[in-house]
Structures are given as structure tokens and as C-alpha cells.
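Heads up, the thing below is written out as C-alpha cells.
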Amino acid sequence: MDLKPLSIGLLTSGGDAPGMNACIRAIVRTAISNNTRVIGVVNGFDGLINGEFKFMGPRDVGGILARGGTILQTRRSLAFKEARGQRDAIRKMNEVGMDALVVIGGDGSLTGANALVKQGMKVVGIPASIDNDIWGTNMAIGVDTAMNTIMDAVDKLRDTASSHGRTFLVETMGRGSGYLAVMAGIVTGAEMVLTPEVPVTLEEVADAIEDAYRRGKTHAIIIVAEGANFRTTELASLLDDMDLGFKTRVTILGHIQRGGSPTAFDRLLAARMGAKAVDALLEGKTGFMTGLQGRDIELVSLDEVVSHERTTNPDYYSMARMLAR
Ligand code: F6P
């Protein structure tokens, strides 16, 4: 095969997200179609520091499109935060002849990618995190699948909640972001949503439950983002100490939200972003992230991405409240 001198490295980093494999597949096959070598980096930035490399061909990514997780493994690297870790990584990249790198991950991983750009490396980032807390893209890879997992779980919990006349507090992931919780509130018709962005009082939560009870509802579903201003289990016992009509149960969805086969939306997003990242590097571009803006995948400056905080539009919070009435 007539290979261009360019070889592209590829790693996944931070919390895994459904669709990472679909993205790996897209990158490998787009690169190979352009006669470019692909070097898979195992174990995220730790693997870059330790030189855990493997050359990848089209068959190495066969059968992974529908699989959650990441075949390259992922880590939250502490070593790469240090200047020494970054120096070691750059040395290993040069030793293996890696001319450019694609980093698939969340905001911490994109900050790592940007650190390499500042040291002269050619890097493009791809946003992948169920939290949807990355500036510069409407959606990150994995969000839609996680949302569908939450929706499925809450639909099931509603069956048992209504049969028993209970309040269910359902805890969702999202770290400091309330995106998953508030959108899940809308798509499941939850009575209330607790997010880090909009702190609430115990009285407000109790009112929402009492109100549901008084209006003849058979149950109440409250979505609690993990970063909200109450710990879910403590909130449950505080509510149970009040006489609100419904007894309280807690379900913490946890890492289930990160697993499973990616939805069509996530597979498509992963394919488009993977192909766009390789095209950008082949055109000699560096220091960008692929972002979904409107209908298009655009290149957004990594500097901009890591220096902005993405917030969840408060209108969605009000919409969730209004639609639950
Ligand atoms: O960033 C993704 C995420 O799932 C967050 O929602 C959550 O707070 C965190 O990762 C959990 O991390 P870990 O898998 O290291 O426990």
C-alpha cells in the first residue's frame, strides 16, 4: 500500500462514553482510506507516556460499531497533568513516528490535548462524555445513549412507583452539570429536577411532592443530578420524616448510564466527528475540536473550548417544571 508519511495516533481518555468505539472505527478507516497509518494508544494519556502503541488496520475495528466502552481502554491520567508526563509522552510520540494525534474524551482530556498543542504537537480533539458539559458542541458522543438509558430506567421505575404510591428519587450522573438530569426530567415527565445550576430548598422539594399528591397523582418522580445541592440518600430520609403522602425510595443509576450499545444518533455523530478529525489533520490543521453546530460538524479552537464553561440553558429547567403540572 502506498502510505503517506503521516501517521496518526489515537487515544480515548477520561470516563468512557457509548460511541467511542464507533469513533475509533471511523478514524481508523478514514485514515487508512487516505493511505495514512494509524497508531492506537492503549490506556489513554498513561499509554502515551508509557509507549503502549499498536498499529491498527481496518480489520482491527471490525465488529465494534455497536459495542459500548472503548477497545483502546481509557484512564484518568494523573501523570499527564505534570510537565514531566507531557515531556515523556512527546518523546514516545516522536520515537514511534506519530505525526499527529486524535484525542477522544471529555473536558479534562481536551485540556490534555491542548497542552500537547502548546508544545508543538498536531492534535485534534473529539468531545465524548455523557455529561454534555463541553463548550463548543451541541452534543458530545455518548450523551444520547445515556439519556435513553435514563429514560428507559425512569419509565420502568414509574410503573412500580405508581403501583405503590411512592416518590422515587432517581440519581443521574453529570458531575457539575445538570444537563442529563434536566433533559431526562423533560423526556420522562418527572415531577421535579434537582440540578447543580439551580439549587432548591427542602421545602420546595416537599411542596412538589405534596402538590403531586394533592392533585391526585399516584406517585412522584424526582430526578436528582449527582452534583445537586442535596445528597440523594439524605434527601430521601429528610422527606420520609415529613408526612407528604408518598413514601420515598432511591435509585442511583450510576455507571449503567455509561454502558450499552450506542444509539443511531451517537453512531452517526461518532462517524462524522471521526472522519472530520482525520480530514483536519490531513489538511495540516491542529488545535481544534470537532463540534456539532447546527447540522454541521465544525472545527472549534481547543483554546476556546477549554477556556469556556458550558452551561445548561435555564429555560429547560422551567420547561421541565411546567410540563410536570
Ligand atoms: O464524566 C463522566 C462521569 O460518568 C461523570 O458523570 C461522573 O461524575 C464520573 O464520570 C464518574 O467517574 P468514575 O467512573 O471515575 O467513577
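The residue list 221, 256 contains one member that is crowded, with 19+ Cβ neighbours inside 10 Å, of a type in the set (Val, Ile, Thr) and at pLDDT 95 or above, which is 221.
Residues in region 25-56 that are of a type outside the set (A, V, I, L, M, F, W, C) and assigned to a helix (DSSP H, G or I): 25, 29, 30, 33, 44, 46, 47, 50.
With 195, 160, 145, 172 as the choices, which residue is within 15 Å of the ligand (Cβ to nearest atom), over 16 Å from the mean Cα position of the chain (by Cα) and of a type in the set (S, T, N, Q)? Lay out the reasoning, then the answer.
Working: 160 fails: within 15 Å of the ligand (Cβ to nearest atom); 145 fails: over 16 Å from the mean Cα position of the chain (by Cα); 172 fails: over 16 Å from the mean Cα position of the chain (by Cα).
Among 195, 160, 145, 172, only 195 is within 15 Å of the ligand (Cβ to nearest atom), over 16 Å from the mean Cα position of the chain (by Cα) and of a type in the set (S, T, N, Q).
Scanning region 102-138 for residues that are β-branched (Val, Ile, Thr) and touching a Pro at 6+ places or on another chain (Cβ under 9 Å), we see that the one that is farthest from residue 16 (Cα to Cα) is 137.
Within the set 310, 321, the sole residue that is of a type in the set (Lys, Arg) and either more than 16 Å from the ligand (Cβ to nearest atom) or outside any loop (DSSP other than H, G, I, E, B) (or both) turns out to be 321.
Out of curiosity, is residue 242 of a type in the set (A, V, I, L, M, F, W, C), assigned to a loop (DSSP other than H, G, I, E, B) and either away from the ligand (no atom under 16 Å from the Cβ) or out of contact with any Cys (no Cβ under 9 Å at 6 or more places or on another chain) (or both)? So residue 242 passes the test. Against the numbered list (1) more than 15 Å from the ligand (Cβ to nearest atom); (2) at pLDDT 95 or above; (3) not assigned by TED's automatic domain parsing to the domain that holds residue 20, residue 216 comes up short only at (2).
The values are calculated or read from the model by the stated rules, or taken from the named source; none is laboratory data. Nothing here was measured: the structure is a model prediction, and the numbers come from that model. Cβ atoms come from the backbone with ideal geometry, glycine included; neighbour counts cover every protein chain shown.
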